[in-house]
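The values are calculated or read from the model by the stated rules, or taken from the named source; none is laboratory data. Computed from a predicted model, the values in this text were never measured in an experiment. When we count neighbours, we look across all protein chains shown, and the Cβ atoms used for this are built from the backbone with ideal geometry, even at glycine. Remember, those area values only see protein heavy atoms, side chains included, never the ligands or the DNA or RNA. Shrake-Rupley method; radii C 1.70, N 1.55, O 1.52, S 1.80 Å.
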Amino acid sequence: MFNESLYLKITKAKPLPRAFYKRKVVKVAIDLLGKILVRKYSNKILSGKIVEVEAYNGVTDPASHAYKGMTPRNKVMWDHPGKVYVYTIYGIHYCLNLIAEPKGIPAAVLIRALQPIIGIEEMIKNRGVNDLTKLTNGPAKLTQALKITKELNGIDATVKDALYVVNPPSKENIEIVSSKRIGITKGTNKLWRFYIKNNPFVSKK
DNA sequence: CTGTCGATCTACT
DNA sequence: GTAGATCGACAGG
């Protein structure tokens, strides 16, 4: 049930450095697939593998929150790469993004789905859902499962704090699929949604 | 100040 | 397949 070796590897791993995020947002998005998201709160560790993402480029992309300029909500997108951007959607849900590109260039990667790894019991409790494949297979589901709220907006994911990303404990070959982004009305032509092929924890086909 | 709407999810038909 | 939840962010006046 509980894999101690895996737990130790993940909890001892260092967060990905800022240089990882300081690149083209599409590359960062693709490279985040297969990485491990770690969430810590009140002595609990919750963790999952990133299996689905979307890229948002504030400069050229009408679907991005940053497209029309800086506002109180989106200002973290202009901050250092590796920062965390959390916003409320539809009044009831949160979505998690990681900032990419050099400071001053607004761009973000939306984390759309995880494969649960550590703290599954806690995630089930947070979600009130038993089905593992429905635990974190959507942007607002994973924030609920990992207790990610707007309190985390603006924190730095390159330090080992409440939320960060690490390399997977062992390398595995993954096949990546790109497709149209989901749930947007503008910029729908770009194929900036990426997910791991045949992974059952991806939100949709 | 007011009206509109959203990078979603769940429940119900 | 579709409706309802539920509210903050934002644009416009």
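Accessible area per residue for region A:63-205, computed on protein heavy atoms with a 1.4 Å probe, is 50 Å². Taking A:129, A:26, A:109 as the candidate residues, the one with maximal mean-square fluctuation in a Gaussian network model of chain A, Cα springs under 10 Å, is A:129.
The gain in end-to-end length when the residue A:149 to residue A:5 segment is fully stretched comes to 48.9 nm, 0.36 nm per residue minus the alpha carbon separation. Taking all C-alpha pairs of chain A, those more than 30 Å from each other amount to 13 percent. Estimated from helical segments only, the mean residue ellipticity of chain A at 222 nm is -4500 deg cm²/dmol, where each DSSP H run of four or more residues counts as -39500 (n - 2.57). For the Cα trace of region A:48-107, dividing Rg by the Kirkwood Rh returns an Rg/Rh value of 0.96. Taking only the alpha carbons of region A:1-96, we obtain Rg and Dmax values of 15.6, 48 Å in that order.
For the set A:44/A:197; A:14/A:180; A:27/A:75, the pairs lying more than 25 angstrom apart at their alpha carbons are A:44/A:197; A:14/A:180.
Full extension of the chain segment joining residue A:131 with residue A:19 gains 36.7 nm, where the gain is 0.36 nm per residue of separation less the Cα-Cα distance.
Surface composition of region A:58-184: carbon plus sulfur atoms contribute 52% of the solvent-accessible area (1.4 Å probe, protein chains only, all chains present).
Are there chymotrypsin sites (Phe, Trp or Tyr not before Pro) in region A:1-106 that DSSP puts in a loop and that have at most 11 other Cβ atoms within 10 Å, and which ones? Filter output for region A:1-106: A:2, A:90. Grab the beta carbon distance between residue A:88 and residue A:185, set R0 = 22 Å, and tell me the FRET efficiency rounded to 0.05. Taking R0 as 22 Å, the efficiency between residue A:88 and residue A:185 is 0.75.
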